[in-house]
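Beneath this line is the structure, given in structure tokens, with notes to follow.
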Amino acid sequence: MEAKVTTIPLPVVYEDDELLVVNKPPGLVCHPTKPDGRSSLVEQLRLRGGPEATPHLVNRLDRETSGLVLVAKRRETASELGKLMEGRAVQKVYLAIVHGHVRDDRGRIEAPLGPDPESPVTIKDRVVATGVPAVTDYEVLCRFERPIPLRPDPGWWEDEAAASPVGERAGTTPVSEPRPFSLVRLWPGTGRKHQLRIHLAHLGHPVVGDKLYGGDPGLYLAFVEGRLTPEDRVRLILPAQALHAAGLSFWWRERRWVFAARPFPMFVEFLRGGGVDEAVLGEEGWGPDGAGFIEG
């Protein structure tokens, strides 16, 4: 019997005959890593578009990073947009929740990146003097404090819900004293692997939920090997890193294209827990479903 196809909801920001823009949820890889392929964004797009669909990803996001992905429906369109990406003609805006209160309201991080030979994780990079140039501009949108659960919150870690006491499912999970966090907006000037995550960690403020650059890469190994403990989950706080690709803009075919996408509920709920007004996210043009295309 053929296995049942599992589809994952993909919020559509914009679509026409040549271009599709989706708001990728956290936890979804862009390209297939398993034989069935259904766990990837590419295969989900093929399921959505039918047997004739040939989606070409113009940009890619890490598995746990959510947000905007440009998808060309034709090879020629992918080539055109790909050249814009390579020429750094596409402006990208990210949102991140980081540990601690970032001192400066605005700043620029200029720190070259290269492989980390000392790490047990082969894909891990770090700031290294002989690395490739990397530049990130940032702005602090707000600083806040909030308690964090002392047990894996079943509202965030879905597989914990069944094992949690009934009272905890009602929102009474024990919590810590309030801890400091910051919401930052980021503009990458270069597009290096893991750039934003490394730069924020280099600044002393790693992204909440970052298994690789949050201070203990052993958490990443435990995750990929399926052996995260409840204590590990408490340290991570969130099951996916709080990094969201919120905006894309570029000139193409004699017009300006601007896309925006609201972070997913887990991101927003974490802010609410610190008393943060959602208006700070800057939702102009996002539309009632949290995503939108602003015609330029």
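Within the stretch 117-142, the set of residues being touching a residue at least 12 places away in the same chain (Cβ under 8 Å), of a type in the set (D, E, K, R) and surrounded by fewer than 18 Cβ atoms within 10 Å (Cβ to Cβ) comprises Asp137, Glu139.
Residues in the stretch 27-60 that are out of contact with any Gly (no Cβ under 9 Å at 6 or more places or on another chain), among the β-branched types (Val, Ile, Thr) and not in a helix (DSSP H, G or I) were compared, and the one that is modelled with the lowest pLDDT is Thr33. For residues in the stretch 200-226 being aliphatic (A, V, I, L, M) and assigned to a loop (DSSP other than H, G, I, E, B), which is surrounded by the most Cβ atoms within 10 Å (Cβ to Cβ)? Across the stretch 200-226, the extreme among qualifying residues is Leu212. Entry remark, the stretch 227-236: residues being buried (at least 19 other Cβ atoms within 10 Å of the Cβ) and in contact (Cβ under 8 Å) with a residue 40 or more places away in the chain number 1 in total.
Test Val166 against the criterion of being among the β-branched types (Val, Ile, Thr) and at pLDDT 80 or above, and give yes or no.
Details: among the β-branched types (Val, Ile, Thr): yes; at pLDDT 80 or above: no.
In short, no.
State whether the residues of the stretch 236-254 include one that is in a helix (DSSP H, G or I) and modelled with pLDDT of 95 or more. Yes, some residue in the stretch 236-254 is in a helix (DSSP H, G or I) and modelled with pLDDT of 95 or more. Listed by first and then second residue, the pairs with beta-carbon distance under 8 Å, at least 6 apart or on different chains, first residue in the stretch 169-180 and among the basic types (Lys, Arg), second in a loop (DSSP other than H, G, I, E, B) and modelled with pLDDT under 70, are Arg169/Ala161. Of everything in the stretch 45-70 that is farther than 21 Å from Leu238 by Cβ and basic (Lys, Arg), the residue that is surrounded by the most Cβ atoms within 10 Å (Cβ to Cβ) is Arg46.
Take Gly274 and tell me if it is outside any strand (DSSP E or B), free of Cβ contacts under 8 Å to residues at least 60 places away in the same chain and not aromatic (Phe, Trp, Tyr). Break it down into steps so the answer makes sense when it comes.
Values: outside any strand (DSSP E or B): yes; free of Cβ contacts under 8 Å to residues at least 60 places away in the same chain: no; not aromatic (Phe, Trp, Tyr): yes.
The answer is no for Gly274.
Taking the criterion of being of a type in the set (A, V, I, L, M, F, W, C) and closer than 11 Å to Arg192 by Cα, the residues of the stretch 126-145 that qualify are Val132, Ala134, Val135.
Here are some residues: Arg185, Arg197, Arg192. Which one is at pLDDT 95 or above, assigned to a strand (DSSP E or B) and surrounded by 15 or more Cβ atoms within 10 Å (Cβ to Cβ)? So that I can check it myself, show each step before the final result.
Details: Arg197 fails: assigned to a strand (DSSP E or B); Arg192 fails: assigned to a strand (DSSP E or B).
On inspection, the qualifying residue turns out to be Arg185.
The values are calculated or read from the model by the stated rules, or taken from the named source; none is laboratory data. What you see is a predicted model, and the numbers here were worked out from it, not measured in a lab. All Cβ positions, glycine included, derive from the backbone under ideal geometry; neighbour counts span all protein chains shown.
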